[in-house]
Structures are given as structure tokens and as C-alpha cells.
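Below you'll find the structure, written out as C-alpha cells, and then a few comments.
Bear in mind that the values in this text are calculations on the coordinates, not laboratory data. Everything quoted here is computed from the prediction, not taken from an experiment. Don't worry about glycine lacking a Cβ; one is built from the backbone with ideal geometry, like all the others, and counts go over all protein chains shown.
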Amino acid sequence: MRGLADPAWQVRAGAAAALSAAAPQTAVPPLAGALADANADVRKAAVLALPAHRATEEARAALASAVTDPDADVRAYASRA
């Protein structure tokens, strides 16, 4: 998804949020990659989108990895998921 590579963090966060409505095989790999974004808001958007796909092992693994994120909001949302 090109939006996740945009220089503007707002576009990347919006792209991550939009992936919650995509098919898991399309959404989960880029969302897992977005968890490494330098911007905490992008990582938070990815964590908020991943629960829509938690039926997949890859989404559950990505959420589990996010509980050690440096940002408290990202960690909290990942823990709740």
C-alpha cells in the first residue's frame, strides 16, 4: 500500500487505519511493517487496525510484539487487543 510509504505521518496513519477494512492477507503484512514506523501515531493506527484481523496468527504475533513499543499508547492498545 503506497500510503504507508508517504512522507507525511498523517497519510501513513490514515492508510494504516483504512487497512482494518481490507482482507487479512492484504492488510496484515503492511500493518505489521507499520509497527516499525518512526512515528508513534502511525504505530498506534496500525495497532488499532490489527484487531480486525486477529483471527490470523500473523496479526496476533504483530500485536504481541507491539506490547514492548516505546510509546505508552501503542503498548496499551496492543495489550487490550
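Rounded to the nearest 500, what is the chain's calculated 222 nm mean residue ellipticity when only DSSP H runs of at least 4 contribute -39500 (n - 2.57) each, over all residues?
Helices in the chain give a 222 nm mean residue ellipticity of -18000 deg cm²/dmol.
Treat every Asp and Glu Cβ in the chain as -1 and every Lys and Arg Cβ as +1, leave all other atoms uncharged, and give the resulting dipole magnitude about the Cα centre to the nearest 20 debye.
140
Taking the dipole about the Cα centre of the chain, with the C-beta of Lys and Arg at +1 and of Asp and Glu at -1, give me whichever of Val42, His53, Leu31 is farthest to the positive side.
His53
Calculate, axis by axis, the spread of Cα positions in the chain along the three principal axes, and write the results as whole Å, longest axis first.
28, 28, 14
Relative contact order of the chain, please, whole-number percent, based on alpha carbon pairs below 8 angstrom and at least 6 residues apart.
So the answer I get is 25 percent.
Between Ala61 and Ala36, what length in nm is gained on full extension when 0.36 nm per residue of separation is reduced by their alpha carbon distance?
Working it through step by step, the gained length comes to 7.6 nm.
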